[in-house]
Amino acid sequence: MPETRIDAVIVGAGFAGMYMLHRLRGLGIPAVVLEQGEDVGGTWYWNRYPGARCDVESMQYSFSFLPELQQEWSWSERFASQPEILRYAAHVAERLDLRRDIRFHTRVTRAAYDEANALWTVETDGGDRYVAQYCVMATGCLSTARLPEIAGLESFQGATYHTGHWPHEGVDFSGKRVGVIGTGSSAIQAIPVIARQAAQLTVFQRTPNFSIPSRNAPMDDDYESWWKSDYAAHRAKARMMRTGILYGLNDKSALEVTPEEREAEYEARWARGGTAFMGAFSDLITNREANDTAAEFVRRKIRGMVKDPKVAEILAPKGYPIGTKRICVDTEYFETFNRPNVALVDVREAPIEAIIPRGVRTRSGEHEFDALVFATGFDAMTGALTSIDIRGRDDLGLAEAWAEGPRTYLGLMAAGFPNLFMITGPGSPSVLSNMIVSIEQHVDWLSDCLAHMRARGLTTIEATPEAQEAWVAHGSEVAERTLYPQAASWYMGANVPGKPRVFMPYIGGVGTYREKCAEIAAKGYEGFRLSAGAMPAAA
Ligand code: NA7
């Protein structure tokens, strides 16, 4: 087995892996990135389904670490499409000359810690082996696509697709009868586009979702200039926001204003579009009564957009608070159900019994298709990590250590896995935030930590079990103060049968979390053990 000795192995060449490589180079730490795909971009490399678009505004969904980079790049739309984000990733790779240290087409299968030598051995599907001091998992939070467990899945004779693994050459649905299973963010973006092309589209919905119109539009020159004239200051503010996104947050409760004022606030945000809708009042994610006012507003909008009252009722989400399953952002999603070539099947009423050679059989009958699209989501946050055979001290498997749900300190490290780092791991704000803001914060923190260690001749760092347990407890306690645990969401692991129901991201807010991480570093990396050489396990 060919073996390479190197200081650091980074797994994944999405935005996290790319920036990590850049920072390690700056520190003079030789590193290699191992990437499954054939190019950079991570999530944006795989999710090429029609209509794929970021729901964070493009002026904010980009790197901030290099002032020239953010000045020279121009986004063409308010919300960037997947192809444009991928072009941006390629631009960054070129500008920083990153590709020479990235091994594409290389899937990591195993990473094992050699305790005596304090080294990680990382193995790939191509039979290569890398021995490194540090191993950085930049594997993404929504990167392990999931097919549902439906009988007969293999029997379908038409074409099948998963939104998270879309063919690079694209798909032409013209003249085709298409079935889409799922109504999460991916489906909500893809359905209007597929509906315009296909002869017939049938959507299988299990849980309706709240979605806010994006009001996407070509980039407004004045808006772009406003950002670029003082990018550093705007970014600094964004980093301290709850979600790492700069938008107007109303600090009033939804219950302290008059019904008219409340309506006006929701109307203004609905008209402006995007996830800033959830910033309408301060208590929308903590108070059910306040939340109900926003949920009811959106349900009313849906009833107004969808002509058939029966279809509107099926599409109107009920039974869980708005925002507790990830809020969607769409372009004419609900209106699409007014088209004569689009049908909606309520899977709660008529459960899918099986996939059959010609299509889908539900309790109420058979539906024939030429193509089936699975928009059924991901094994979020933990899937990409636990699908690699990661072995820490005493051969402890990460999947085993996380059998009851992920346990980390700050979402950066797990006890028992020295020198193994996670970028935006479970226990950090990650999927509840602007991912690029969170990626930069983690990579910067980790780079500073490695610089600190190297300056002092320290070689090993590990989270203590006590600090980890306290962080996990704090994370659950903060989540319990919100309405989030009330929904069966992928944040809770609820979309994967058998996955423990634990609220995985940290919901204390991006700004608060950043301060906490900085404070821990300032206290000499409190809660971590640092040593010069291999160290025994904590007592
Ligand atoms: P999501 O949000 O996990 O959505 C998956 C959808 O698929 C959701 O509507 C599910 O219904 C549905 N689903 C999953 N399994 C089944 C079965 N067996 N039968 C019927 N329907 C099913 O994934 P997305 O890709 O849309 O979005 C993920 C994130 O990526 C998104 O939030 C953005 O952050 C980007 P359910 O709700 O579980 O009842």
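Coordinate-derived values only; no laboratory data. Since the model is a prediction, treat every value here as computed from it, not as a measurement. Don't worry about glycine lacking a Cβ; one is built from the backbone with ideal geometry, like all the others, and counts go over all protein chains shown.
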Can you give the FRET efficiency to the nearest 0.05 for Glu515 and Thr464, using r as the Cβ-Cβ distance and R₀ = 25 Å? 0.75
If you count, for each residue, the other Cβ atoms within 10 Å and average over each peptide, how do 421-431, 76-86, 154-164 line up from highest to lowest? 421-431, 76-86, 154-164
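Work out, step by step, the length gained on full extension between Glu169 and Glu289: first 0.36 nm times the residue separation, then minus their alpha carbon distance; give nm to one decimal.
The Glu169-Glu289 span can extend by a further 38.4 nm.
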Run the simple label-point estimate for Ala116 and Ser282 please: 7 Å along Cα→C-beta, distance reported in nm. 6.0 nm
Please compute, over every Cα-Cα pair in segment 285-407, the percentage with a separation greater than 23 angstrom. 57 percent
Can you tell me the dipole magnitude for the chain around its Cα centre, using point charges on the Cβ only (Lys, Arg +1; Asp, Glu -1), in Debye to the nearest 20? 420 debye
Order by neighbour count: Val478, Val92, fewest other Cβ atoms within 10 Å first, most last. Val478, Val92
What number, rounded to the nearest 500 deg cm²/dmol, is the helix-based mean residue ellipticity at 222 nm of the chain, given -39500 (n - 2.57) per DSSP H run of at least four residues and division by all its residues? -9500 deg cm²/dmol
Any helix of the chain counts here only if DSSP assigns it H throughout, its Cα atoms span 15 Å or more along the axis, and its mean Kyte-Doolittle hydropathy is at least -0.5, and such helices are 15-26, 185-197, 435-455, 510-522
On each of the three principal axes the extent of the alpha-carbon atoms of segment 50-165, given in whole Å and largest first, is 51, 48, 21
When the charge dipole of segment 154-224 is computed with +1 at the Cβ of Lys and Arg and -1 at the Cβ of Asp and Glu, the Cα pointing farthest to the positive end, of Ser155, Ala190, Asn216, is that of Ser155
Filter the trypsin sites (Lys or Arg not before Pro) in segment 345-440 down to the DSSP loop ones having no more than 11 other Cβ atoms within 10 Å, then list what survives. Arg348, Arg363
Hey, rough spin-label estimate for Arg100 and Trp73, points 7 angstrom out along Cα→Cβ, what's it come to in nanometres? 2.2 nm
Among the lysines, which have Cα under 22 Å from the Cα of Lys318 when same-chain residues fewer than 8 positions away are ignored? Lys301, Lys307, Lys310
In whole Å, how far is the Cα centre of segment 317-383 from that of segment 411-441? 31 Å
Lysines near Lys252 by alpha-carbon distance under 19 Å, same-chain residues fewer than 8 away left out - which ones? none
I'd like the distance between the alpha-carbon centres of segment 442-513 and segment 38-68, rounded to an integer number of Å. 24 Å
Cα-based reach from Lys228 at 26 Å (exclusive), listing lysines while leaving out same-chain residues under 8 positions away: Lys237
Total charge dipole magnitude, segment 121-280, about the Cα centre, Cβ charges on Lys, Arg, Asp, Glu only, Debye to nearest 20: 180 debye
Counting pairs of alpha carbon atoms under 8 Å apart in space and at least six apart in sequence, what relative contact order in percent does segment 24-86 give? 37 percent
Cα gyration tensor of the chain diagonalised, 5x eigenvalues square-rooted, in angstrom largest first, produces semi-axes 38, 27, 23
Along Cα→Cβ, 7 Å out, is where each label goes; now give me the distance between the ones at Ala233 and Arg272 in nm to one decimal. 1.9 nm
